[in-house]
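Read through the structure below, which is laid out as structure tokens, and then see the notes.
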Amino acid sequence: MIYDDIEFFNVEEINKQGNILRFKEDLIQSLGNSAHTRGRFYGYRAIGVELRFVTDSLFFDLKLRSDKEDSKVYVFFGDYMHQAYALKEGVITNLHVEIPEKFLKYRDVIKEYTYHPRMVRIVIGYSGYVSYIGLNTYGNRRPPLKEELPRKSLLLYGSSISHGSEALEYINSYAFILSRLLKMDVINKSIPGSCQAEEIMCKYLKEIPCDVAFTEFGVNVLGLYSLEEYQKHLDLLLNSFQTKQVYFTSVLDNGNLLEPESLAYKKMMEFRAYAESIRKHAYIPPQELLDDFSSLTADFLHPSDYGQMQIALNLYHRLNEKN
């Protein structure tokens, strides 16, 4: 969306409180089922959102507020990272950013790029409960033009693993790394802890134009869905993308593998077997994405930053075959 002469990438709405939202608020408040509604809280996280603009000014002031917990934001000039900033909870923070002299000197001669070097990108990281207060560029500004952006986009839907909310830094998440590798915009619509492929979510995903789609589905519903419910929602999800280029995986390796007699292990294997049986779309076995158990963090669920990089590289090789 375009607001205040800024492109708010991966944003559907800025509400009255200034909260930057990846989904419309009425959708967020409809997420989940009677047993699990935490998506109505996590849906407010703007992790993976970017504020993008182009200006001739040498500096600018951006005011943001982190509403719950502290948040990280990262400033990029095109592909080039400038600096990371911390937003304190409940405090309006003014980011005064000056474009380095050497970058100003050479940015117009850079020929190879994914994002045009003149474009300022403010990337929102963890915890992501961020509100926009205002921007002063002390001169002109405009949203980026089509030719200043990647030509293709990847739509991503999954759990916290795909959202990147458990990575130490969002820019170390597989979603962010994959964007650079593929030279695509990644529209990250993952929901941490609440990836349930509800009908209202699938209907929303169907409205998003994209060139390629990837979904990681299953770990958040191991304790919520029966095998029949998993089948129903996975089928619904895979038919919810505008593109024919749909890739998907099931539950990635996690601590359930250490308890082969447990119900969670049994369901995990059943979910995987059903996903593998689908022939309409390109299934990627979980072990092809994360093949090293020590790439998990000590919770035996979330990939470490090293694990995130593994997923990014392995997924890149699969997606790059046809795209």
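The values are calculated or read from the model by the stated rules, or taken from the named source; none is laboratory data. The structure displayed is predicted, hence computed values, not measured ones. Glycine also receives a Cβ, built like all others from the backbone with ideal geometry; neighbour counts cover every protein chain displayed. Just the protein is used for accessible areas: all its heavy atoms, side chains included, with ligands, DNA and RNA removed. Shrake-Rupley method; radii C 1.70, N 1.55, O 1.52, S 1.80 Å.
In percent, what relative contact order does the chain have, based on Cα pairs under 8 Å that are 6 or more apart in sequence?
Result for the chain is 16 percent.
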| query | Expressed as an acute angle from 0 to 90° and rounded to the nearest 10, what is the orientation of the C-alpha long axis of helix 263-277 relative to the principal long axis of the chain? | reply | 80 degrees
| said: Between L301, L258, L224, where does the largest GNM mean-square fluctuation fall for the chain, given springs only between Cα atoms within less than 10 Å? | reply: L258
| Under the Karplus relation 6.51 cos²θ - 1.76 cosθ + 1.60, θ = phi - 60°, what is the ordered set of whole-Hz ³J(HN,Hα) values for region 210-215, x standing for Gly and Pro? | 7, 8, 9, 10, 9, 10
| task | Convert each backbone phi in region 192-205 into a coupling constant with the Karplus relation 6.51 cos²θ - 1.76 cosθ + 1.60 (shift: θ = phi - 60°), then list the ³J(HN,Hα) values in order as whole Hz, x for Gly and Pro. | result | x, x, 9, 7, 10, 6, 5, 4, 5, 5, 5, 5, 5, 4
| remark: In terms of the alpha carbon gyration tensor, root eigenvalues a ≥ b ≥ c, rounded if a/c is under 1.5 and otherwise prolate when a/b exceeds b/c or oblate, region 172-323 is oblate
| Built amide H within the under 5 Å cut-off of T297, gap 5+ | H302, S304
| query | Which is the longest run of the chain containing none of the GluC sites (Glu not before Pro) found in DSSP loop states (not H, G, I, E, B) with at most 12 other C-beta atoms within 10 Å? | reply | 1-111
| request: Could you look at region 60-115 and say what percent of its accessible area is carbon and sulfur, using a 1.4 Å probe and all protein chains? | output: 51 percent
| remark: Note to self: with every protein chain in place and a 1.4 Å probe, region 166-311 gives an accessible area per residue in Å² of 42 Å²
| message | Through the Karplus equation 6.51 cos²θ - 1.76 cosθ + 1.60, θ set to phi - 60°, convert the phi angles of region 219-225 into ³J(HN,Hα) values in whole Hz; use x for Gly and Pro. | response | 5, 6, 10, 4, x, 10, 9
| note | Which of S277, S34, S131 fluctuates most in a GNM of the chain (C-alpha springs under 10 Å)? That residue is S34
| field | Expected-Rg normalisation [2.2 N^0.38 Å, Cα atoms] applied to region 256-323 | value | 1.25
| request: Could you pull out the trypsin sites (Lys or Arg not before Pro) across region 223-323 that fall in loop regions by DSSP (anything but H, G, I, E, B) with no more than 15 other Cβ atoms inside 10 Å? | output: K244, R279, K280, K322
| Per residue Cα convex hull volume in Å³ - calculated over the chain | 129 Å³
| field | Residue-count net charge about S277 - beta-carbon cut-off 15 Å; Lys, Arg +1, Asp, Glu -1 | value | 0
| task | Name the residue, out of I311, I171, I92, whose mean-square fluctuation peaks in a Gaussian network model built on the chain with Cα pairs under 10 Å. | result | I92
| query | How much solvent-accessible surface does T297 expose, in Å² to the nearest 10, with a 1.4 Å probe and all protein chains in place? | reply | 50 Å²
| query | According to the square roots a ≥ b ≥ c of the eigenvalues of the Cα gyration tensor, what is the shape class of region 67-159, taking rounded for a/c under 1.5, prolate for a/b larger than b/c otherwise, and oblate for the remainder? | reply | oblate
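Express the accessible area of region 38-146 per residue in Å², computed with a 1.4 Å probe while the remaining protein chains stay in the model.
45 Å²
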